[in-house]
Amino acid sequence: MSRYRLYPTPAQDQVLMGHCAHARYVWNLAVEQRSWWQPGRPAPGFAQQCRQLSEARAAYPWLAAGSVIVQQQALRDFHAAYAAWFASLREWRNRGATIPPDQRPAAPSPPSWRRRGRREGFRIVAVRPEHVRRLNRRWGVVLVPKLGWVRFRLSRPVPVARSYRVTRDRAGRWHVAFAAIPPAIPGPSTGEVVGVDRGVTVSAALSTGELLRIPGLRPTERRRLRLLERRLARARPGSNRRHRVKLAIARLKAREADRRRDWTEKTSTDLARRFDLICVEDLDVRAMTRSASGTVERPGRGVRQKAGLNHAILANGWGRLVDRLEQKAPGRVQKVAAAYTSQTCNACGHVARESRESQPSFRCVACGHQAHADVNAARNIAAAGQVVAARGGQGSPGPVNREPLTLGAVA
Ligand SMILES: [Zn+2]
């Protein structure tokens, strides 16, 4: 992502705020719809919600006056967030059974309401090269639907992008971030296959036995963050002190996000270079909803928000990693339906919940095979991926649809 400061005129500012309001409205509608969902009943999919959006646009002129791209992408963002949440919930349930109740982390919380003035933004897709222009050495312009050209500061060269996101921070500053498509990386052409399992304690386990951890804040930084958050709670609203503390918190969080982004780039490049076939879990929302109907309870009320947020961050990191893999290794990423990968013995194929004796270890109750639980799962994913790929695969479509989306499987 390359981010630039956007400088709309006061009139343009109003239209941008309108786009944000529409995106927020659509997102909140999707949240509300999900809250009606009962286990055993199919939840509305993306396509169905797009049809409902058309109906809503027909009924409400103020919604119809806005950009349909902005509104549809808000739905797509919601589905991506929901898929990520669902995956972390499933994992929380899988692993929770192996952890003593008093040490069990809180359930991850689902995507929630967006409030005015917080995390405001929208996404534009189907961007063509002529939609971004350079005015001179210092200024560029970007074409925003229903608005026209908006100036941005050319702080560095703009990458070729098929989509961009416009955001407004709490201080009222606008930014535009172009999602650049990284070039494809050639594989080793040795037929090397890898399975990748997503985890909470281990961010990703490879079938080769490697355990990868996504970096976060260092212990000293985490302590400082907690301190700042306590200070913020005590600071008087509107005071200078409060403003300073907020800024310091934002800086720490940005540092963490940078490290995670960096890890995702390096890991995806490394995997694309070392392996010809990369097998990952499929996080298809509809498939997950089906397999979950009647079995996954909705998480209880009052779950600790912090722990839930932590899960969500890891889940998002996973989505980004898979996106990047599909861009850097087009046609070489195989998604597999990952039911029971964590409970199946990779040596004999026996499926038993009891084989997962504790979080880090797997011991097959049938044959006694022992392995790191995540590595065992990664090997099952690699095996399943090879089977699907041999059948002609339904893996990533290759260079045809390379528009960066948060999750490939949500449409
Ligand atoms: Zn076994």
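The values are calculated or read from the model by the stated rules, or taken from the named source; none is laboratory data. Values in this document were obtained by computation on a predicted structure and should not be read as measured data. Here Cβ is always computed from backbone atoms with ideal geometry, including for glycine, and neighbour counts include all displayed protein chains. Note: accessible area is taken over every heavy atom of the protein model, side chains too, but ligands, DNA and RNA are not part of it. Shrake-Rupley method; radii C 1.70, N 1.55, O 1.52, S 1.80 Å.
Quick notes
- Share of carbon and sulfur in the accessible heavy-atom surface of region 45-152 [1.4 Å probe, %]: 52 percent
- Calculated FRET efficiency for the pair ASP258/GLU229, C-beta based, R₀ 22 Å, to 0.05: 0.65
- Per-peptide average of other Cβ atoms within 10 Å, ordering 150-158, 63-71, 18-26 highest first: 18-26, 63-71, 150-158
- Accessible area (Å², per residue) of region 1-85, counting only protein heavy atoms and a probe of 1.4 Å: 45 Å²
- Partner aspartates and glutamates whose Cα lies under 15 Å from the Cα of LYS253, excluding those fewer than 8 positions away in the same chain, are identified as ASP169, GLU221, GLU229, ASP262.
- Once the 1.4 Å probe is applied to the protein heavy atoms, region 155-278 comes out at 56 Å² accessible per residue.
- Of all accessible heavy-atom area on region 184-246, the percent that carbon and sulfur account for (1.4 Å): 50 percent
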